[in-house]
1. Taking the Cα centre of the chain as the origin and placing charges on Cβ (Lys, Arg +1; Asp, Glu -1), which of ASN117, ASN69, LEU143 is farthest toward the positive end of the dipole?
2. At a Cα cut-off below 23 Å, give the lysines reachable from LYS33, other chains included and same-chain residues fewer than 8 away excluded.
3. Using alpha-carbon pairs under 8 Å, 6+ residues apart, how would you state the relative contact order of the stretch 89-161 in percent?
4. For every helix of n ≥ 4 consecutive DSSP H residues, a contribution of -39,500 (n - 2.57) applies; sum these over the chain, divide by its total residues, and give [θ] at 222 nm rounded to the nearest 500 deg cm²/dmol.
5. Counting Lys and Arg as +1 and Asp and Glu as -1, each charge on the Cβ, what is the dipole of the stretch 93-151 about the Cα centre in debye, to the nearest 20?
6. Collect residues whose amide H, placed 1.01 Å from N in the peptide plane, falls under 5 Å from the amide H of TYR79; neighbours closer than 5 in sequence don't count.
7. Work out the charge dipole of the stretch 1-40 with +1 on the Cβ of Lys and Arg and -1 on the Cβ of Asp and Glu about the Cα centre, then indicate which of GLN37, PRO17, HIS27 is farthest towards its positive end.
8. For the stretch 50-162, give the percent of accessible area contributed by carbon and sulfur heavy atoms, probe 1.4 Å, rounded to a whole number.
Amino acid sequence: MTGIGKREISLRFLAEPGDVNFGGKVHGGTVMKWIDQAGYTCAVSWSGRYCVTVYVGGIRFIRPIHIGNVVDVRARVIYTGHTSMHLSVDVRAGDPRAGRFEKTTHCVIVFVALDENGRPVPVPQWEPQTDEDRQLLTYARKLMSLRSAVDEEATRMFPGSD
Ligand SMILES: CC(C)(COP(=O)(O)OP(=O)(O)OC[C@H]1O[C@@H](n2cnc3c(N)ncnc32)[C@H](O)[C@@H]1OP(=O)(O)O)[C@@H](O)C(=O)NCCC(=O)NCCS
């Protein structure tokens, strides 16, 4: 780690027997927890602030993770708003004997940086450096506009609280 402004982090560990679901593979909720942990570490490393999750979207479980697999959870900043950071998170896993990783899960997760009083606070701006970065920025913007339509529909269907 090199301190604030670090754009990308990876967490790497073994899938343990305690992570198992009823089918003998890693529980989906466990994978979501890993995604949140990697995202949190990345958002805090980028902003130097305490951060909270405000949105997790487009999560896709592509293939199962087996107990005993090495798991690599990579989170990187792909877009910054005023107080929010949009991160792309890829989960890859593989049998350590084979030494090969395959992508198992992908999602975009949004964090907001908070000040000492729990109020949103501005974050450093991410400037894309490469063609891939620019494509990821476009992807994040596209998801934002799709999300507005989904949020409108959800608010119409499930207005307010009970
Ligand atoms: C984070 C929180 C304080 C923000 O409060 P708020 O009144 O929504 O604040 P704002 O309207 O100023 O929004 C702050 C940022 O969040 C973004 N945001 C809010 N809801 C969002 C959503 N559903 N998807 C993406 N971004 C969202 C806004 O776009 C804004 O980003 P910007 O400053 O980059 O433009 C509040 O939403 C909260 O406490 N949420 C619960 C967080 C939580 O408990 N998470 C789970 C455990 S960590």
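The values are calculated or read from the model by the stated rules, or taken from the named source; none is laboratory data. If you're wondering where the values come from, they're calculated on a predicted model, not measured in any experiment. Backbone-built Cβ (ideal geometry, glycine too); neighbour counts: all protein chains shown. Calculation scope for accessible area: heavy atoms of the full protein, side chains included, ligands and nucleic acids excluded. Shrake-Rupley method; radii C 1.70, N 1.55, O 1.52, S 1.80 Å.
1. ASN69
2. Within the straight-line cut-off, LYS33 pairs with LYS6, LYS25, LYS103.
3. On the way: 38 pairs, mean separation 10.9, N = 73.
After rounding, I find 15 percent.
4. Numbers: 2 runs with 47 residues, N = 162.
My calculation for the chain gives -10000 deg cm²/dmol from helical runs alone.
5. Numbers: 8 positive and 9 negative charges, 49 e Å.
For this selection, approximately 240 debye.
6. Correct list: HIS86.
7. About the Cα centre, the residue reaching furthest to the positive side is GLN37.
8. Details: 3580 of 6760 Å².
Carbon-and-sulfur percentage of accessible area, whole number: 53.
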